[in-house]
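The values are calculated or read from the model by the stated rules, or taken from the named source; none is laboratory data. Bear in mind that the values here come from a model prediction, so they are computed numbers and not experimental data. Cβ coordinates were reconstructed from backbone atoms using ideal geometry, including for glycine residues, and neighbour counts include every protein chain displayed.
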Amino acid sequence: MQSNRVWLTVPHARCPGGSPPQHLCDFAAPSGAQQLASELGGRALVFIGDVSRDQCDLNRRRCRLTTRFRQSLTNRLRREGPPSVLLDIHSFPDREGAYGPYEIVLLLDAGHGPSAQLSRRLRTAIERDVPGANVAEMEGATNDIQVEMHEYDVPAVLIELNEGMNGERVRQYMGAIARQV
Ligand SMILES: [Zn+2]
């Protein structure tokens, strides 16, 4: 019953109000996750962050017990059991920082074998299926959504999308990923 269930999380979906504009939210992550969910058909469940990062960074341990977003993830784990795979979806500004040169970056936790294997599988599929693929695989910082999934031995990879991509380019990447999970 639960085979091939894919959970997609978008912890930084909610932008803080006011200015100046800062990259405290992931502008392209909600649409990217929806695109991936549509490529996955009925197999995906999407969790959208409901507080902005300046209130609580939903990737951090301290938000696990105190936010509705993290509680809903934990409650579903307990009620329905774990998914097959979790993909934590983020985005970054084009040409900025370490991710800047790439269109998509996969962040894994090398200490968790199944997650490292999933990341490798996704990268291989992307390089095979997306023309001119520009993908990198990196070791991520501690991400408590991945940590919680690893407690259930669920492979979990964080995906960073370049905000400079157009919708068709995002669709190509999401299609390649959807065929592998
Ligand atoms: Zn983010």
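General remarks:
- Residue check for residue 9: outside any loop (DSSP other than H, G, I, E, B) and β-branched (Val, Ile, Thr): yes
- Within region 159-181, the residues that satisfy the criterion of being within 14 Å of the chain's Cα centre (by Cα), assigned to a helix (DSSP H, G or I) and farther than 10 Å from residue 28 by Cα are 173, 174, 177, 178.
- In the set 54, 129, only one residue is farther than 20 Å from residue 11 by Cα, more than 17 Å from the chain's Cα centre (by Cα) and of a type in the set (Asp, Glu); that residue is 129.
- Pick from region 99-120, criterion within 13 Å of residue 135 (Cβ to Cβ) and of a type in the set (A, V, I, L, M, F, W, C), ranking: surrounded by the most Cβ atoms within 10 Å (Cβ to Cβ): 104
- Consider region 62-72 and keep the residues that are more than 16 Å from the ligand (Cβ to nearest atom) and touching an Asp or Glu at 6+ places or on another chain (Cβ under 7 Å). The one that is nearest to residue 86 (Cα to Cα) is 64.
- Residue within region 82-96 that is touching a Pro at 6+ places or on another chain (Cβ under 6 Å) and more than 15 Å from the ligand (Cβ to nearest atom) present: yes
- Residue within region 108-122 that is at pLDDT 95 or above and within 16 Å of the ligand (Cβ to nearest atom) present: no
Here is a yes/no grid of residues against (1) surrounded by fewer than 21 Cβ atoms within 10 Å (Cβ to Cβ); (2) within 21 Å of residue 173 (Cβ to Cβ); (3) modelled with pLDDT of 95 or more; (4) touching a Pro at 6+ places or on another chain (Cβ under 8 Å):
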| residue | (1), (2), (3), (4) |
| --- | --- |
| 10 | no, yes, yes, yes |
| 19 | yes, no, no, no |
| 24 | yes, no, no, yes |
| 28 | no, yes, yes, no |
| 39 | yes, yes, yes, no |
| 44 | no, yes, yes, no |
| 51 | yes, no, no, no |
| 58 | no, no, yes, yes |
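- Condition check for residue 159: at pLDDT 95 or above, over 25 Å from residue 71 (Cβ atoms), surrounded by 21 or more Cβ atoms within 10 Å (Cβ to Cβ) and of a type in the set (Val, Ile, Thr): no
- Lone qualifier among 133, 125 - being closer than 17 Å to residue 39 by Cβ, assigned to a helix (DSSP H, G or I) and out of contact with any His (no Cβ under 8 Å at 6 or more places or on another chain): 125
- For residue 153: the one exception among (1) farther than 21 Å from residue 45 by Cβ; (2) more than 16 Å from the chain's Cα centre (by Cα): (1)
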